[in-house]
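Beneath this line is the structure, given in structure tokens, with notes to follow.
A short reminder: the numbers here are calculations on the coordinates, not readings from a lab. Quantities reported herein were computed from a predicted structural model and do not represent experimental measurements. As a convention, Cβ positions derive from the backbone with ideal geometry for all residues, glycine included, and neighbour counts pool all protein chains shown.
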Amino acid sequence: MFNLTEKDLILRILGCGDGPAAFNATLTKRGGSVVSVDPVYIFDTAQIRGRIAETYETVMAQMHKNQGDFVWENIQSVEQLGTIRMSAMEGFLADFDTGKQQGRYVAGELPSLPFESGQFDIALSSHFLFLYSAHLSAEFHIQALQEMLRVAHEVRVFPLLALDGMPSLHLKVANDYFSARSFSVDTMRVPYEFQRGGNEMLVIKPV
């Protein structure tokens, strides 16, 4: 979804709002440098496992109800999606204690990150910014993107659709704001699409 190349994967990567996902564990095993930040990391492994169990059936029920909003090609059914997601979460849970001790999982949240300026090469935001446009204001998005650009030399955000499947109304605001402030702002097609129409990411970096 972020069109990460082999060259990208050897850079210092920050994942914002990563939650209980396996990207950090997987990239670390490959020898990569990655830090994930999310408010859920304030909890311990058992507490996070409990939260996953509590919400799993609700999430799967919503997927069944709205499955027409998704592209069922690489993932062919809601049941297969559930299996894949649980496998990813188990990978995260198995890595969480070690990763937290190593500083790879940090409790925190946008729009204020507990990192030094320029500490990372790329900052990623997956399924948070723009997706929750009905809940988070345009001002919040600007502040969050500014903070990501403070700690990283490049920002990538995916997807650019809101929860209703329509392009986020905050996208033009962000484009105009950063384009007027000496940043390169590009919308790029990526080779990943699960939410129907959600196959673009926003890339922001200094000119």
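Check I48 against each of (1) of a type in the set (A, V, I, L, M); (2) under 15 Å from the mean Cα position of the chain (by Cα); (3) part of a helix (DSSP H, G or I) and name the one condition it does not meet.
Here I48 clears every test but (2).
Applying the selection to the range 86-101, what residues are in contact with a strand residue (DSSP E or B) (Cβ under 7 Å, 6 or more places away or on another chain) and either of a type outside the set (A, V, I, L, M, F, W, C) or at positive phi (or both)?
Of everything in the range 86-101, just one residue is in contact with a strand residue (DSSP E or B) (Cβ under 7 Å, 6 or more places away or on another chain) and either of a type outside the set (A, V, I, L, M, F, W, C) or at positive phi (or both), namely G99.
Tell me, which residue of the range 31-87 that is buried (at least 16 other Cβ atoms within 10 Å of the Cβ) and hydroxyl-bearing (S, T, Y) is nearest to E6 (Cα to Cα)?
The residue in question is S36.
Exactly one of (1) touching a residue at least 60 places away in the same chain (Cβ under 8 Å); (2) more than 30 Å from V71 (Cα to Cα) is unmet by Y177. Its number?
(1)
For the range 21-39, enumerate the residues that are touching a residue at least 24 places away in the same chain (Cβ under 8 Å) and touching a Lys or Arg at 6+ places or on another chain (Cβ under 8 Å).
Passing the criteria: N24, T28, V34, V35, S36.
Determine, yes or no, whether V106 is surrounded by 15 or more Cβ atoms within 10 Å (Cβ to Cβ), touching a Ser or Thr at 6+ places or on another chain (Cβ under 8 Å) and among the hydrophobic types (A, V, I, L, M, F, W, C).
yes
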